[in-house]
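**Student:** Before I ask anything, let me first share the structure, which is written out below as C-alpha cells.
The values are calculated or read from the model by the stated rules, or taken from the named source; none is laboratory data. This structure is a prediction, so every number in the text was calculated from the model and none was measured. Using ideal geometry, Cβ is built from the backbone for each residue, glycine included, and neighbour counts are taken over all protein chains shown.
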Amino acid sequence: MVIEDNLKIADRWTTKVNDKDVKAVLEISDLHVELVGPRAAVEGHDILRKWIEELDVHMETQHQYVKGMK
C-alpha cells in the first residue's frame, strides 16, 4: 500500500506542477524539498515556488522506481 501511495503522490505532484498549481505542490512537498540541476542543488518551498512559476516545460513521467518495488 505504501508503494502505491508514493506512486500516486508522485503522479499528483507532476500533474500539479504542469498545472502550475503552486499551492497543491507545496502541500505535498516536504519543507526541505531539494531541486537538483546541472549546476547546483537548492532546497525549500520558496525556491520550489519560484521554479514552478518560471517553468516553461511540460513534465511527463517515463518510468517510476520505488525502493522495495519488485
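**Student:** Please work out if Val57 is among the hydrophobic types (A, V, I, L, M, F, W, C), assigned to a loop (DSSP other than H, G, I, E, B) and in contact with a Leu (Cβ under 7 Å, 6 or more places away or on another chain).
**Tutor:** Values: among the hydrophobic types (A, V, I, L, M, F, W, C): yes; assigned to a loop (DSSP other than H, G, I, E, B): yes; in contact with a Leu (Cβ under 7 Å, 6 or more places away or on another chain): no.
So Val57 fails the test.
**Student:** Got a sec? Which of Asn18, Asn6 is in contact with a His (Cβ under 6 Å, 6 or more places away or on another chain), surrounded by 10 or more Cβ atoms within 10 Å (Cβ to Cβ) and either among the polar types (S, T, N, Q) or without any contact (Cβ under 8 Å) to a residue 24 or more places away in the chain (or both)?
**Tutor:** Working: Asn6 fails: in contact with a His (Cβ under 6 Å, 6 or more places away or on another chain).
One residue alone meets the criteria, Asn18.
**Student:** Just the residues that are closer than 16 Å to Leu55 by Cα and surrounded by 10 or more Cβ atoms within 10 Å (Cβ to Cβ), please, taken from region 35-45.
**Tutor:** Leu35, Val42, His45
**Student:** For region 24-49: of the residues being outside any helix (DSSP H, G or I), of a type in the set (Gly, Ala, Ser) and more than 16 Å from Asn6 (Cβ to Cβ), which is modelled with the lowest pLDDT?
**Tutor:** Gly37
**Student:** Determine whether Ile52 is exposed (fewer than 13 other Cβ atoms within 10 Å of the Cβ), assigned to a helix (DSSP H, G or I) and under 12 Å from the mean Cα position of the chain (by Cα).
**Tutor:** Here the answer is no, as Ile52 does not meet what is asked.
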